[in-house]
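Participant: First the structure, then my questions, so here it is.
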Amino acid sequence: MSDEKNSPPEAHSRPFPIFHYQFPIPNFPITNSQLPIPQMKTDYIGHDKTYQRYRQEANRPGWMAATDLAKVIQQLERILLFDYFPKQGKLIELGCGAGNISIYLAQKGYEVSGVDIAPTAIDWAIENANQAQVQVDFLVGDVLHLEEIADESFDIVMDGFCFHCIIGDDRGKFLQTAHRLLKLDGRLCIRTMCNQVPDTQYYREHFDPQTRCTMHGDLATRYIGLSNDLIMEVIQAGFKVLQLEISPPLAQDGVEGLLLVAAKDKN
């Protein structure tokens, strides 16, 4: 799973501020105005058809084109410098897609596993890892459950741009899975679309402001929550938010991103 737009246009040429916080933040407003999120029809396995199509394109590394993936890697490099992001350990990427981020993290020295619901994505990820000559354990699985993986198996759970693809009550299940997989005081890293959508034809046609979901027919495909509501989701799932960043859109017609590191709460 990955970003809504298949091939975003070039990023803004003018600089944007990056809003960077470490907790506790005095008087930081947290609301739950959009919670709970109503359950809607979804088709998570439908991503496999997109992966099948993308895999036929020459020189395409995964869900994202190479130029867009390079921007995401730059963003990830900033996350790795966060004070509260561990510098080593066992890491699992939920929604790893074609494995590009998992492979990058393995090259940085992490012991990495990656899981995705799309079989084509995992086949592609294994191929990419073999070409990169790195060891990553990839498996096909449903990130809402993952009973096949033991409790407290990982130091880090990385959201592979998957969380904004999860809709309604399933979002709590995603966070419950992350909480269960993490060791005590392990770290969750969320990377998700957030806040206001641009005034473009795509969002005028597909974004529902009441549910804050993009809709394609009767299918909800992305949840673009307000950043404060997303933070509240994480806190209510048993995590302590340590550090976050509201980053500018990666594309001219994109949306902001919430980059967040939280610890599995000891309480």
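Participant: Taking the Cβ-Cβ separation of D199 and A150 as r and a Förster radius of 35 Å, what is the calculated FRET efficiency to the nearest 0.05?
Facilitator: Working: r = 47 Å, r/R0 = 1.34.
Efficiency for this residue pair is about 0.15.
Participant: Right, here's the next one. Return the single residue from F163, F82, F138 with maximal mean-square fluctuation; model: Gaussian network over the chain, springs between Cα atoms under 10 Å.
Facilitator: Top of the fluctuation ranking is F82.
Participant: Still on this structure, please answer the following. Can you compute the FRET efficiency between D83 and Q236 using 1/(1 + (r/R0)^6), with r the Cβ-Cβ distance and R0 = 22 Å? Round to the nearest 0.05.
Facilitator: Numbers: r = 24 Å, r/R0 = 1.09.
That gives a FRET efficiency of 0.35.
Participant: Express in nm, to one decimal, how much length is gained between R53 and K41 on full extension, taking 0.36 nm for each residue of separation and deducting their alpha carbon distance.
Facilitator: Working: separation 12, 0.36 × 12 = 4.32 nm, distance 2.33 nm.
Computed gain between R53 and K41 is 2.0 nm.
Participant: Shifting gears a bit: How large is ³J(HN,Hα), in whole Hz, for each residue of the stretch 169-174 in order, when computed from phi with the Karplus curve 6.51 cos²θ - 1.76 cosθ + 1.60 and θ = phi - 60°, using x for Gly and Pro?
Facilitator: Rounded to whole hertz, the list is 4, 4, 5, x, 5, 4.
Participant: For the chain, set up a Gaussian network in which alpha carbons nearer than 10 Å are linked by springs, and say which option among L182, L105, L76 fluctuates the most.
Facilitator: L76
Participant: Return the loop-located GluC sites (Glu not before Pro) in the stretch 109-188 (DSSP other than H, G, I, E, B) with at most 11 other Cβ atoms within 10 Å of their own Cβ; answer none if there are none.
Facilitator: Numbers: sites: E111, E127, E147, E148, E152; in loops: E147, E148, E152.
Those that pass, being in a loop and sparsely packed, are E147, E148.
Participant: So which trypsin sites (Lys or Arg not before Pro) in the stretch 159-267 are both in a DSSP loop and have at most 15 other Cβ atoms within 10 Å of their Cβ? Don't skip to the end; give the middle numbers.
Facilitator: Numbers: sites: R171, K173, R180, K183, R187, R191, R204, R212, R222, K240, K264, K266; in loops: R212, K266.
Those that pass, being in a loop and sparsely packed, are K266.
Participant: Another question, then. Once you've got the Cα coordinates, tell me which of K173/K264; K49/K87; K41/K90; K41/K173 are over 24 Å apart. All intermediate terms of the calculation are to be shown ahead of the outcome.
Facilitator: Details: K173/K264 15 Å; K49/K87 35 Å; K41/K90 34 Å; K41/K173 16 Å.
Those over the limit are K49/K87; K41/K90.
Participant: Just need the relative contact order of the chain here, percent rounded to a whole number, with Cα pairs under 8 Å and 6+ apart.
Facilitator: Working: 529 pairs, mean separation 66.5, N = 267.
This gives 25 percent for the chain.
Participant: State the extension gain, in nm to one decimal, for the chain segment bounded by D265 and Q176, taking 0.36 nm per residue of separation less the distance between their alpha-carbons.
Facilitator: Details: separation 89, 0.36 × 89 = 32.04 nm, distance 1.25 nm.
The span from D265 to Q176 would gain 30.8 nm if fully extended.
Participant: Which of [x] 18.6; [y] 22.9; [z] 19.8 is the computed Kirkwood radius over Cα pairs in Å for the structure on display?
Facilitator: [x]
Participant: Determine the percent antiparallel among the DSSP beta bridges restricted to the chain, to the nearest 5. Please list the in-between numbers first.
Facilitator: On the way: 26 of 45 bridges.
Antiparallel bridges make up about 60 percent of those DSSP assigns within the chain.
No lab work stands behind these numbers, since they all come straight from the coordinates. Note that the structure is a prediction, hence the values are computed from the model and not measured. Every residue, glycine as well, gets a Cβ built from its backbone with ideal geometry; the counts of neighbours run over all protein chains shown.
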